[in-house]
1. Filter region 1-29 down to residues that are outside any loop (DSSP other than H, G, I, E, B), open to solvent by less than 60 Å² (accessible area, probe 1.4 Å) and out of contact with any Ser or Thr (no Cβ under 9 Å at 6 or more places or on another chain), then give me how many there are.
2. Counting only residues that are in contact (Cβ under 8 Å) with a residue 60 or more places away in the chain, of a type in the set (Val, Ile, Thr) and either in contact with a Gly (Cβ under 7 Å, 6 or more places away or on another chain) or on the phi > 0 side of the Ramachandran plot (or both), how many does region 1-53 have?
3. Return the residues of region 110-132 that are over 29 Å from Val36 (Cβ atoms) and surrounded by fewer than 18 Cβ atoms within 10 Å (Cβ to Cβ); say none if nothing qualifies.
4. Name the single residue, out of those in region 75-90 being outside any helix (DSSP H, G or I) and open to solvent by 50 Å² or more (accessible area, probe 1.4 Å), that is nearest to Ser127 (Cα to Cα).
5. Quick one: in region 133-153, of everything that is under 16 Å from Leu67 (Cα atoms) and open to solvent by 50 Å² or more (accessible area, probe 1.4 Å), which residue is modelled with the highest pLDDT?
6. Sort out which residues of region 30-53 are open to solvent by 20 Å² or more (accessible area, probe 1.4 Å) and acidic (Asp, Glu), and write them in order of number.
7. State which residue pairs qualify: first residue within 19 Å of Asp27 (Cα to Cα) and inside region 155-170, second residue open to solvent by 40 Å² or more (accessible area, probe 1.4 Å) and in a helix (DSSP H, G or I) in any location, beta carbons under 7 Å apart, and separation of 6 or more residues or different chains.
8. Keeping to region 3-21, report how many residues are small (Gly, Ala, Ser), more than 17 Å from the chain's Cα centre (by Cα) and within 17 Å of Val147 (Cβ to Cβ).
Amino acid sequence: GGRRGPENVWGSAATALICAACSVQGDTFLGVGSNVYVLGFVSALATKLSDTFASEIGKAYGKTTFLITTLERVKPGTEGAVSAEGTAAALFGGLLLPIYGYFIQLNSVPAIAVAGFAAFLACNFESVLGATLQEKEGFGWMTNEVVNFINTVVGASLAMIMGGLFLGMA
């Protein structure tokens, strides 16, 4: 990459900021428990780390890369390309922050699995967005920063929904 600007920060961290702000509004805010917002916060950041691990490890060490939508072989660095190495790195990266969150008492052990799984799913969804919309004609507005924002919203939302469904969070 090149020089980073404020749009990179907002694209990568706005979702986490919103979740963090909502989590400190009391025991519940807009009918959602603060612990659910904390799970969204952790998962939004885990999603971005998962994506970063996937793309950087995949570009550097991916031996064979495929387009996620067609499984056609493509060059490393192609939008929507995935590799075994990048996919493993995505899973690892998606678990790091939820594990850290457990050790600083932000979340429970079961929440590690929920946030990590949500981050991994969102990371793969981001690859689908990259393959189908990013850098395509008529989608000039679908910049990397917009994709990152959508990615973190998906990761946080999935975690918050799964937290409610599987962990009894309200």
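1. From region 1-29, those outside any loop (DSSP other than H, G, I, E, B) are 6-23, 28-29; that's our starting set.
Checking the rest, the ones that are also open to solvent by less than 60 Å² (accessible area, probe 1.4 Å) come to 8, 11-16, 19-23.
The next check asks that each one be out of contact with any Ser or Thr (no Cβ under 9 Å at 6 or more places or on another chain); those that pass are 8, 20-21.
The qualifying residues number 3.
2. Number satisfying all stated conditions: 3.
3. Here is the first cut: in region 110-132, the residues over 29 Å from Val36 (Cβ atoms) are 131-132.
Hit for region 110-132 is Thr132, nothing else.
4. Going residue by residue through region 75-90, those that are outside any helix (DSSP H, G or I) are 75-83.
Checking which are open to solvent by 50 Å² or more (accessible area, probe 1.4 Å) leaves us with 75-76, 78-79.
Details: Lys75: 14, Pro76: 13, Thr78: 10, Glu79: 7 Å.
Step by step, filter region 75-90, then rank; the result is Glu79.
5. Among residues in region 133-153 that are under 16 Å from Leu67 (Cα atoms) and open to solvent by 50 Å² or more (accessible area, probe 1.4 Å), the one modelled with the highest pLDDT is Lys136.
6. Hits for region 30-53: nothing passes.
7. Every condition considered, the pairs that remain are Leu167/Pro110; Met169/Asn35.
8. At the first step, the residues of region 3-21 found to be small (Gly, Ala, Ser) are 5, 11-14, 16, 20-21.
From what is left, the residues that are more than 17 Å from the chain's Cα centre (by Cα) are 5, 21.
After this cut, where a residue has to be within 17 Å of Val147 (Cβ to Cβ) as well, the list is 5.
Residues meeting the conditions: 1.
The values are calculated or read from the model by the stated rules, or taken from the named source; none is laboratory data. It should be emphasised that the depicted structure is a prediction, and the values quoted were computed from it without experimental measurement. Glycine gets a Cβ as well: all are built from the backbone with ideal geometry, and neighbour counts include every protein chain shown. Remember, those area values only see protein heavy atoms, side chains included, never the ligands or the DNA or RNA. Shrake-Rupley method; radii C 1.70, N 1.55, O 1.52, S 1.80 Å.
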